[in-house]
1. Over the stretch 47-112, average the accessible area per residue using a 1.4 Å probe and give it in Å², no decimals.
2. Using the 4.7 Å Cβ rule, please list in number order the cysteines from the chain without any candidate partner.
3. For the stretch 223-278 and the stretch 18-76, what is the centre-to-centre distance using only Cα atoms, to the nearest Å?
4. Between Arg92 and Leu318, what is the label-to-label distance in nm when each label sits 7 Å out along the Cα-to-Cβ direction?
5. Roughly what angle does helix 288-321 make with the longest principal axis of the chain, taking Cα atoms, 0 to 90 degrees, to the nearest 10?
6. With every protein chain present, what accessible area does Arg58 have (1.4 Å probe, heavy atoms only), rounded to the nearest 10 Å²?
7. How much FRET efficiency would the formula 1/(1 + (r/R0)^6) give for Gln114 and His13, where r is the Cβ-Cβ distance and R0 is 51 Å, rounded to 0.05?
8. Starting from the Cα-Cα distance between Ile388 and Ser287, subtract it from 0.36 nm times their residue separation and give me the gain in nm to one decimal.
Amino acid sequence: MRLYKMELYKLCHRKSFLAGFLFVLLIGLLFFYQELQHSYCVVNGTTYTGLRAIQMNRQITEEFKGVLTDEKAERIIEKYGFPQGAPDDYSRQKDNFLNHFIMEYASDGYNNGQDDYRPATKTIPLRETELGRYHEAAGMALRLEYYIGWSLFPDTLGILMLGASMLVLYVVSVVFSEEEQTGMKPLLFTTREGPAFGTLAKTAAAFSVSAGIWFVSVCFGLLLHITTFGIDGLGCIASLIVQWGFFPLPLMMQPVGVYLAQLLLVSLLAILELCAITICISAHCRSPFHTIVAAGIFYTLPFLGFALLQTLLALLTLLSVRGQTLHPGFLTLCAWFFFLLNCLLYSSPVYLLVARDVLIEIALIRFGTLNTGSGMTAVYTTLGIALIVLLFCTVNACRRYRRLSKI
């Protein structure tokens, strides 16, 4: 425990750590504030924007909160009418959360932007709407709650996790390489606890700091959204807060609260995976600078991987267009190759942390007959790869550092 506390202090006592942490939270706050400026609400001819619009939308939704029925939908339109006017540059009409929801999901109108919209003239029975059928297939009651805050939360989380990952790279890079640079390694190996306990203390401290950065960042993001938007909407269906419509995936056919909990667990796995990769590189480098550079290159490498993947897919498509007859066995081999390569790329920390709807993107990986249906095969494969990388890098870092004690 003494060595663990000492290593924890070494990682956190620097002023640059606190300054970096505050900078990450500040960036998240600025992004969140910018999102608030797009909030808009029109009630009884009065227009509200920003925080006041959110407060008004929450206030008018309280009266109709709960299971949505055809009678409630009619009452909403009787009280507030359908959205009026042509969409503006932000695709907004003169509407509020309630009548916009009814127009979007339970009427004959729609709004896809300035050049593609149709004013609503009547409501449609919920059982005949796509939203109603989707809820029936999911086995969930159609709930009307002010869920807008949770639809914005993945974006805020992505910004915070991007900053948190940069901070983890910076902080954890010194775990093993700093002693190599300062020449303190031989002295540390002669402590009464021995190299085994020293290595374990360093590893535990690195993971503790990384998990702490994740925890504080997530709590900060949740605090911003809960104090501004409230907690309503966690019981709504998850497809309302993602950008994939009503795709028949189990991940989207569950409550918002469950989906967000899964998203947070994936982000924690990604942060710990990034920590493991960084300490593994640190154990093989002779200075923190070399560790940061190498870890940064590894962190951004998946972007190059996706470019390579798209190139290979384009070449395969070109062969098919030219009428080349490809052997079925070759096509099956290609399907497995592209499927596993996609899972490998998505298992990298950068995509697990930054991609907004990463779980849904993974579930939609389709090559031939692979991963058809629920899409969970790709999800389990991707998360399994991430877990294997985490364990392999951790073990490799510890073995590498302990091996140096015998030199």
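1. On the way: 3220 Å² over 66 residues.
Per-residue value: 49 Å².
2. Here Cys12, Cys41, Cys219, Cys236, Cys275, Cys285, Cys334, Cys343, Cys398 come out as lacking a disulfide-compatible partner, given the Cβ-Cβ threshold of under 4.7 Å.
3. Cα centroid of the stretch 223-278 versus Cα centroid of the stretch 18-76: 18 Å apart.
4. With each label point 7 Å from Cα toward Cβ, the separation is 4.7 nm.
5. Result, in degrees: 50.
6. Answer for Arg58: close to 90 Å² accessible.
7. Calculated transfer efficiency: 0.40.
8. Numbers: separation 101, 0.36 × 101 = 36.36 nm, distance 2.64 nm.
My answer for the length gained is 33.7 nm.
The values are calculated or read from the model by the stated rules, or taken from the named source; none is laboratory data. As the structure is a prediction and not an experimental result, all values here were calculated from the model. Neighbour counts run over all protein chains shown; Cβ positions are idealised from the backbone, glycine included. Keep in mind that these areas ignore ligands, DNA and RNA; they rest on the heavy atoms of the full protein, side chains included. Shrake-Rupley method; radii C 1.70, N 1.55, O 1.52, S 1.80 Å.
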